[in-house]
Structures are given as C-alpha cells and as structure tokens.
Amino acid sequence: MKIAILPGDGIGPEIVEQAVHVLNALDEQFEMEIAPVGGAGYEAAGHPLPEATLKLAQDADAVLFGSVGDWKYDTLERALRPEQAILGLRKNLKLFANLRPAILYPELAGASTLKPEVVSGLDILIIRELTGDIYFGQPRGVRECPDGPFKGEREGFDTMRYAETEIRRIAHVAFQTAQKRGKRLTSVDKANVLETFQFWKDIVSDVHREYPDVALDHMYVDNAAMQLVRAPKKFDVIVTGNMFGDILSDAAAMLTGSIGMLPSASLDANNKGLYEPSHGSAPDIAGKGIANPLATILSAAMMLRYSLNKAEQADRIEAAVKAVLAQGLRTPDIYEAGTAKVGTAEMGQAVVAALAR
Ligand code: NAD
C-alpha cells in the first residue's frame, strides 16, 4: 500500500516527520513517497499543487498531509497561494466528506477554556460537506451593483448552492457514521433564512427514511454554535455544509483545549482519503521544534482505519497517544503545571516508544 506524504509549509514538515516515524514503527510496512505542496510546491515548481504531486496523490491509496500557508505568500495572486493546493486536492480526488472528531482526553480536561464538567469525556464528530456551498458556487466576484439602493457602487458577491446529489451523499456518510457511534445525528442548517438550507433540510429528512435506527434532529447554525459551547456533550454526530462546518469544527476543536490534538479525514466515495491535522501551518512557531505532532499522528491513525483497513494498527497508535498523555508529556500548547514540557521530536519519540511497549 502506498501513502503519498505531503508535508507542506510552516510546521507541516516537522509534524509529518513524527507521524512517518510512528508509521515506520508499526508491524506493517507501507510504501511512502514525499512531494512538495503549498508554498513548498510553489517554490519547487511554480504552483501550490505541482502536477507531479497531484499525480502521486491520485496514484496513492491514501494521502498524509501536513499543512500549507505562510504569510509571505499573501501577496501572490489567489490561484498561486498555498491554500489553493488543498482546494485542488479535494476537487481532483473528489473528497466530499470531511470528518473531524473532537475528543477531550481526560488528562487534558484542564486545557479546555470550558469547565471540566461541561467538556470532560467529550466525544463528538463533525461531518462537513467539502465540495459545494458558497465556497465554490458561481458566479462570484466584485462587480458594479446592478440595482437597489447601492446601484452603481462596487459590490462583492458569492453564490450559495447545493445539488441534491451532493446533499444525499454526505447525508448517507453521516447516517452510516452515526450508526457506528451513538446513533444520533444533528443536521445543522439555516433553513429559516436560506433557500439552499431549506432544501438541505428536506433532503436530509428524506435520506433519514433509510436509517430508522438513527435519531435525527435539525438545528439552526446559530443555535448549534451556542449549544456547542453550552452543552457540547449533547451532540453525537453533526452534519452540515461547507461554510457552517468550517466554522463549527474550529469552535469544536477549541473545546478540547488545543487544535494541536485534532485529526481529520477527507474521504471520497470509495473511502480513499486525505488525512491532515485540523490546524494550519502555524508560521508563528514554525522551525522552533515546539509544535504538537499528535493531531498529525492521530490523522495517520484515522488513515489506517478508514482508507487502509488496518483498524488494529490505528487502535495501537491511539493507545500510544493516550499513554504518552498519561505519562504527563505535553507540548507547550497543552502544557499545565505539574506536567513535563517536551518538543515536537520528543513527543514523536515518546509515541514510538509507547508503541513498542
Ligand atoms: P493555525 O492553525 O496555523 O494557527 C493558529 C494558532 O494555533 C497559532 O497560534 C499556532 O501557533 C497554534 N497552533 C496550530 N497548530 C499547532 C500545533 N500543532 N501545535 C501547537 N500550536 C499550534 O491558523 P492560522 O494562524 O490562522 O493560519 C496560519 C496559516 O495556515 C495560514 O496561512 C492559513 O491559511 C493556513 N491554514 C492552513 C490549513 C491547512 O493546511 N489545512 C488550515 C488552516 C489554516
């Protein structure tokens, strides 16, 4: 089995290196090939998603991705900016379902900004649709306002849209995932204001008829944001569109105290996927050796489970991560008094050592 390794920019190479060490320490051996992406792709080949990198990702069984982006590329034209690589990969690999678990390890309950009783034991999964919505809808742009009170002024505009097929396939992923967990699904929309999301709600309700064992409820996105902070443990699986999912999954991430702990998977219709930490390239700490590699290591575990059918190996990695937290090892982002502060490489080595035990 072949894994495309795309470290990217900022802390990407540092954290991916640790995940590769962990993969190499498993009983199974995988063929791994590295390629530049994002700013590194632009430097190497003049494009954030060089053709050779895309081909490698297409030919591989799974992709392990670090992160892309750096402020120094902010002046490049949009098509050449590092973040375009993620959009290009999602589009070309037809990745439409983004799975982001938010789990609070008991050892880290104190790292959350919320009271321990509100968050300890949190285990929710946000499923975000990735290919539709206002992020890709056409037309979009800046134009002269054609009518109304601002006629003649410039205006920025985007198009929110979802095709029925797009809603049905993400709904199926969500119901099937909920079946494997607590059998509760919350579909988040803004049906009270947006036609697109009234349509979303109707289609999700229709798909529900095929999954009578799953309890479905619908929630407006503003209420969902409120409930995530007020009583997050009420949720099991949440499914929502691209933009709401983008925002809610970051909010859910912070419930757990550190974005450095959270993995993610983006899947196509055949469970081939791209696996990456939920955070960005953290240019503020890049090169300092202090980034938390656990989100990337846990992303590798998700890759083993969802794309490579190696659930046992995934369990071993997750158990090793729990073990290093129980040992009291902490990167600075999750450090509290009484624990031992370690850097990126030490944390990776500790996970490898825990695997061997
Ligand atoms: P970010 O997630 O990179 O950083 C936010 C904060 O979290 C920073 O203080 C950072 O130091 C900290 N942080 C993030 N990951 C960490 C880790 N593993 N360990 C310890 N601390 C960590 O978000 P940002 O600062 O808004 O964006 C920085 C760059 O990343 C931008 O160029 C942005 O476009 C890009 N970005 C990329 C992705 C991706 O590659 N998928 C996602 C989000 C943002």
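What the table shows:
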| quantity | calculated |
| --- | --- |
| Estimated vicinal HN-Hα couplings, Hz - segment 102-111 in sequence order (Karplus 6.51, -1.76, 1.60; Gly, Pro = x) | 10, 10, 10, 5, x, 5, 10, 3, x, 7 |
| Label-zone membership for segment 60-75, site residue 94, 7 angstrom Cα→C-beta point, backbone N under 18 Å | 60-63 |
| Candidates 26, 125, 294, ranked by Gaussian network fluctuation over the chain, Cα under 10 Å, top entry | 26 |
| Span-like helix ranges in the chain, DSSP H, alpha carbon extent 15 angstrom or more, Kyte mean at least -0.5 | 12-24, 195-208, 242-255, 294-306, 311-326, 344-356 |
| The chain: calculated mean residue ellipticity at 222 nm from DSSP helix runs of at least 4, using -39500 (n - 2.57) | -12000 deg cm²/dmol |
| Charge tally in the Cβ shell below 10 Å around residue 93, where Lys, Arg are +1 and Asp, Glu are -1, residue 93 excluded | +3 |
| Largest-first ordering by accessible area, 1.4 Å probe, given options 165, 53 | 165, 53 |
| Segment 190-343: relative contact order in percent, alpha carbon pairs under 8 Å with at least 6 residues between | 15 percent |
| Centroid-to-centroid separation of segment 269-300 and segment 36-100 [C-alpha atoms, Å] | 14 Å |
| Whole-number percent relative contact order across the chain, with pairs defined as alpha carbons under 8 Å at least 6 apart | 22 percent |
| For segment 40-156: relative contact order, % (alpha-carbon pairs under 8 angstrom, 6 or more apart) | 18 percent |
| Segment 11-140, Rg to Rh (Cα coordinates; Rh as Kirkwood inverse mean 1/r) | 1.03 |
| Span per principal axis, largest first, for the Cα atoms of the chain (Å) | 65, 49, 39 |
| Cα coordinate range in segment 119-211, projected on the principal axes (Å, largest first) | 54, 33, 23 |
| Local electrostatic count, residue 296, Cβ distance below 10 Å [Lys/Arg +1, Asp/Glu -1] | -3 |
| Principal semi-axes in Å for segment 221-357 [√(5λ), Cα gyration tensor, largest first] | 26, 20, 15 |
| Summed side-chain charge close to residue 54 - residues other than residue 54 whose Cβ falls under 12 Å, Lys, Arg +1, Asp, Glu -1 | +1 |
| Phi-based couplings in Hz for segment 279-290 (Karplus 6.51, -1.76, 1.60; Gly and Pro marked x) | 8, x, 8, 6, x, 5, 10, 4, x, 8, x, 10 |
| Amide H contacts of residue 66 (H built 1.01 Å from N, under 5 Å, at least 5 apart or other chain) | 6, 8 |
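The values are calculated or read from the model by the stated rules, or taken from the named source; none is laboratory data. What you see is a predicted model; the values in this text were computed from it and never measured. A quick note on method: Cβ atoms are made from the backbone with ideal geometry, for glycine too, and the neighbour counts reach across all protein chains shown. The area values use the complete protein model at the heavy-atom level, side chains included, leaving out ligands, DNA and RNA. Shrake-Rupley method; radii C 1.70, N 1.55, O 1.52, S 1.80 Å.
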